[in-house]
Each structure stands twice: as structure tokens, then as C-alpha cells.
Amino acid sequence: MEDAARLLQLVVNGAASGCIYGLIALGFVLIYKATEMINFAQGDILMLGGFVAFTLIATWGLNYWLGAFLAVVITAAFGFALDALVLRRVIGQPQFAVVMLTLGLGFIFRAFAGIVWGYDSVGFETPFTNRTVRLGGVVLGQDNVSIIVGTVILCLVLYLFFNRTRLGIAMQASSQNQLAAYYMGIPVRTIFSLIWAISAGVAAVAGILLSPVSMIDVNMGFLGIKAFAAAVLGGFGSIPGALVGGVIVGIVEQLAGYYLPPGSQDVTSNVVLLAVLILRPEGLFAQNIRKRV
Amino acid sequence: MSATEALLRVANIETYYGPIQAIRGVTLDVNQGQIVTVLGANGAGKTTILKTISGVMDPERGQVVFEGKNIAGMKPDRVMREGICHSPEGREVFPFLTVHENLVMGAYSRHDKDEVAHDLEACFGYFPRLKERAHQRAGLLSGGEQQMLAISRALMGKPKLLLLDEPSLGLSPILVTQIFDIVKRINRERGVSILLVEQNAHIALKTADYGYVIEVGRIVMEDECVRLMEKDDIKEFYLGQKEAGVRGRRRWKRKKLWR
């Protein structure tokens, strides 16, 4: 019983950090599907989102929910502007240029955050900090549970948005066939900027959900690397794949941290990634349809 | 044809792919209610003309005048809002969206909900197969069904001018006849003008009112389709009707007259 409860706790904690990876991976995938660009600054956008929330909630003293909402909106607007002003210009350039540009942007964001918010870790009070919830004899931190619940709600909202609204379907259409979308009168450039906005907004949500568990600091963007593993695991280009990949990486990491010798925790995500790449190179949720002639 | 009543007038356009000139000064008119066809072999520049009209490619020189307004250089989504809908070569349907969603996307720029629903029914009327498959992913349709979808999707944009690029591509002869019958019905019943690009000269000349023949980026012949069909060169080089010479043999070295 003792062991089962311990295991459940580890799984929940792992799933919680996995949800964060999954949300960042979701951002990777959304942008990749639409524009075939990989945004290596995704983790740093999460960091910016966290800091914006910190300023609004801790410094300005706004209500948590209002502050979180505004932080997401601001970060999303930032994502929109980033695409409209910078990244739109590299469409059509070699993949390498895009990689360098987004990596470089990541550096800029970190430096910017360091100058504005300093290099110390900060945190803010949330309704979930240091509270627990009892689930049939198992004690779980509300912070972890809130991450999982928040991720599920966000995914549900995104699912409904992409499948039920005209704008959401137009985003899918533009991702699947850009030229045909233009022919339909869909303003593809604006749609792509909106996809960047959604990715940035999702990253901000992840940053805010993460804040009761881990402090916000300039280097938290390196979570993006594990999230990248999660995205590849899920078969880069599949949205459910990104989330499942994230959760798998999170849980494996957590279990390895407990059962395996110290230090192995940080390696496991990559070991899982390697295993998947060898056994199923297209990823777990590859989406394949051949074009008919 | 008088210039004043032309719905679309393409005047002396020159279009390049990088340094390569694909269109070398093409002029053509589409009048209100007409079906106009552009015939030509592979690589003659037929598709490029359509792409230049719909704004995917910008002409280096020349004008594209639609309803008296120069639309050359406009972005494709703006051109579409002017009333030109494009059914591209190779169908280009959205493979992971359902047939119904594809059609809804065709009407993306429209806000008249009732009319959109009405047009959707009209499309299903033209192509009942699409109604049967309305909730299947477009990527799972057969080539013919995808072509029906591509035409219907363009129709959902409520075009004044419909650009059809190779609707016969890869389809069985019987399906080609069916689709062209419907293209003709769309033109007659809805008054949509159509600019049709085809390699299948036979069916295109039977369907269209007026035809242009294009070779290596230039228009080499134009006339009413009925008269085009009677020309020896068209018969020989596009319709494949062999003409026996004096000695009862085919003259294998006959040159095209326009060269």
C-alpha cells in the first residue's frame, strides 16, 4: 500500500511536469505544422510569460486570475508581433537560417529578461501554493494537480477551437495547404501570426502553471530542450502526440529520479527519445496520408 | 470582342520564374457568361497564366483587369475577394479536413450564412457523391471525387469568374465527360464565367465558347471553338486526327502554319 501510494505520487508529479513539457511541445508542433519552422525560442517565451505574470501579480498586486489572464494575452500579442515583424521575413529561407534566428532570439529574450527582472529566481503566491488535496488516502500537492487540470482544460479549449470554429478550421487548412488556403481567400499571413500568438499564449500558460512548483528564472527556457524531445517522441506534427510525448518524458524522468541512481534523471528523456527513434522513427503518433494522383 | 464588356482582360502580361520567362506577352479576354479555354502542351505556360491572374505570381509587365480594375500584383486572398475563384491543378484539397469542412473553407470570405448553406446544397446537387462523403476526410477520396470537391470548393466562394486548371487530369474518360457536363451546367445555370485550362483539347473545345492556343508562353491562335475545331493544325496537333496525304500516307514532316 505504501509503495502503491508512493508510485501514484511519483506518477502524478511526473505527469505534472510532463504536462508542462507537453504544452511547450504543443507550441513547437503548432508552429511547425503551419510554417515548417522550428521555434527554438519556445522555452524562452515560457520564461517571458512567467516573468510578465510575476510583474502583474507580485509587483503590481493584481488578483491571480486576472494577472494570469493578462499575462497570457500579453505574451500571445508578443508572439503575434514576433511573427509579423521578424519571422515572416525568413519564410522561404533555408531551414538553417530559421534555426539560427530562433536560437538567437532565445539569447536575446534571456538577456532582456536578465536586464529587466534580474538574474535571481523569483516566485509569486498562487491559490495552489503549499496546499494539498487528498485522493483516497494519497496526499497530492495542489500545485501539481492544478498543472494537470489546467493542461486538460487548455487542451479541451484548443481542441474545440481547432475543430469547431471557422478560424480554427482555417488554421488547419492553412497548415495543410498554404496555396489552396490563399485561393480560398484565407489571409494566410495573418493566420500564421495568430498561430504564433496561440503558441506563445500556450507557453505563457505553461509558465504560469509551473510557477508554484518551480521558481521563475532566466534560464527556465532550457525546459524547451526536454519539450523538444517530447515533440519528436510524439511524431513532430501531431498535437496529441506532443502532449502524450510530454507526459511520457515527465513520468519516466520522475520514476528514474526515484528508482535509479542519482544523475540518471536528466538523461532518461533522451534515452526514451533514442529508443523511440530506433524502434519507431516516425514517432508515436505519426500522421501520414499520401497524396493521390 | 469589345474591350468594354470584357469581364477579365489580360493585357500583354509577362511572367517569370526567376530568370526564366514563362509568359511572353499574353493577351486574352473573358466576357461575361462565357467559357473560355486556353489550350497548349506541357510547359506552354497555361497554369502560369492562371497563377498570374489569381495573384500567386506577379507579372513583370502587363495588366490584369477584372471588372475595370487592375488586379495585377494583388495578393491572392484579395483577388479571391474580388470574385475570382481558382480550382488549382492537382486538386490541392485540404487532406485532413472533411469534405464538408473543405467546402466551408471555400466560403471563408463570405458572411451571408443562408446563401452559403444554399450554395452548399447546390454543390451537393451537382455532385451527389460529395454529399455521401461529406464527413470523410478529403484525403481519402478518389481522384475524381477530389476534383469534384476542388470545383465545388471554388464554387463556394461565389465566383464571378471561375478559373479551372486541368479538371481532367488523371480522371477516367467517362468521369471527364461527366465533370465537363457539370462545368457547362454551372456556367449556364449560374451565369458564372469560366476560364478553363486544359491539355485535353477535344473536351475543352466541345465545352468552351472561345479558345486560345498557347505555345511556349505565346498565344499563337484564337477563335470561336467551333471554328478552331475545323482548323487543320488544331486537328492534327491537338485533336490527333490524322490526315492522309496524296499518296495515302501521313505527312510526318508537316509544319505548324503559325511557326
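Inter-chain Cβ neighbour count for A:171-181, averaged per residue, equals 6 (cutoff 10 Å, partner chain atoms only). With a 1.4 Å probe rolled over the protein heavy atoms of all chains, the accessible area of A:VAL73, A:VAL133, B:VAL192 falls in the order A:VAL73, A:VAL133, B:VAL192, largest first.
Rounded to the nearest whole Hz, the Karplus-based 3J(HN,Hα) values (6.51 cos²θ - 1.76 cosθ + 1.60, θ = phi - 60°) of segment B:13-19 follow the sequence 6, 10, 10, 10, 9, x, x, with x at glycine and proline.
Among B:GLU222, B:GLU236, the sequence by solvent-accessible area, most first, with a 1.4 Å probe is B:GLU222, B:GLU236.
Classify segment B:91-140 as rounded, prolate or oblate, taking a ≥ b ≥ c as the square roots of the eigenvalues of its Cα gyration tensor: rounded when a/c is under 1.5, otherwise prolate if a/b is larger than b/c and oblate if not. Display every interim value, and only then the final one.
Details: a/c = 2.32, a/b = 1.32, b/c = 1.76.
Note, shape of segment B:91-140 comes out oblate.
With bins 5 Å wide beginning at 0, the percent of Cα pairs of chain B falling in each bin runs 1, 6, 13, 17, 18, 16, 12, 8, 4, 2, 1, 0, 0, 0.
For the peptides A:51-61, B:15-25, the ranking by mean Cβ contacts within 10 Å, running from highest to lowest, is A:51-61, B:15-25. Take the Cα of B:LYS235, step 7 Å toward its Cβ, do the same at A:VAL116, and the gap between the two points is 7.8 nm. Return the whole-Å distance between the Cα centroid of segment B:138-153 and the Cα centroid of segment A:84-120. A separation of 41 Å, based on Cα centres.
Hey, what angle do you get for helix B:143-155 against the long axis of chain B, alpha-carbon based, 0 to 90 degrees rounded to 10? Tilt relative to chain B: about 70 degrees.
Semi-axis lengths, largest first, of the ellipsoid equivalent to segment A:2-218 are 32, 21, 16 Å, with √(5λ) applied to each eigenvalue of the Cα gyration tensor.
Semi-axes of the equivalent ellipsoid for segment B:27-146, computed as √(5λ) from the eigenvalues of its C-alpha gyration tensor and ordered from largest down, come to 28, 18, 14 Å. In the neighborhood of A:ASN163, defined by Cβ-to-Cβ distances under 14 Å, what is the net charge if each Lys or Arg adds +1 and each Asp or Glu adds -1? Neighbour charge sum, excluding A:ASN163 itself: +2. Taking one equal scatterer on every alpha-carbon of the protein assembly as shown, how large is log10 of I(q)/I(0) by Debye at q = 0.10, 0.11, 0.12 1/Å? Treating every Cα as an identical point scatterer, log10 I(q)/I(0) equals -0.88, -0.99, -1.09.
Ignoring ligands, DNA and RNA, what accessible area per residue does segment A:2-218 give at 1.4 Å, in Å²?
Values: 9230 Å² over 217 residues.
Per residue, segment A:2-218 has an accessible area of 43 Å².
What the Cα convex hull of segment A:173-263 gives, in volume per residue, is 119 Å³.
Between B and A, buried accessible area from a 1.4 angstrom probe totals roughly 2700 Å², ignoring ligands, DNA and RNA. For the segment B:79-91, counting C-beta atoms of other chains within 10 Å of every residue's C-beta and taking the mean gives 3.
Ordered from highest to lowest accessible area with the whole protein assembly present and a 1.4 Å probe, B:CYS123, A:CYS155 read as A:CYS155, B:CYS123.
What is the Cα centroid distance between segment B:205-225 and segment B:46-121, reported in whole angstrom? If we compute the Cα centre of each part, the gap is 23 Å.
The values are calculated or read from the model by the stated rules, or taken from the named source; none is laboratory data. This one's a predicted model, so the numbers in the text were calculated from it and none came from an experiment. Here Cβ is always computed from backbone atoms with ideal geometry, including for glycine, and neighbour counts include all displayed protein chains. These area figures cover heavy atoms from the full protein model, side chains too; ligands, DNA and RNA do not enter into them. Shrake-Rupley method; radii C 1.70, N 1.55, O 1.52, S 1.80 Å.
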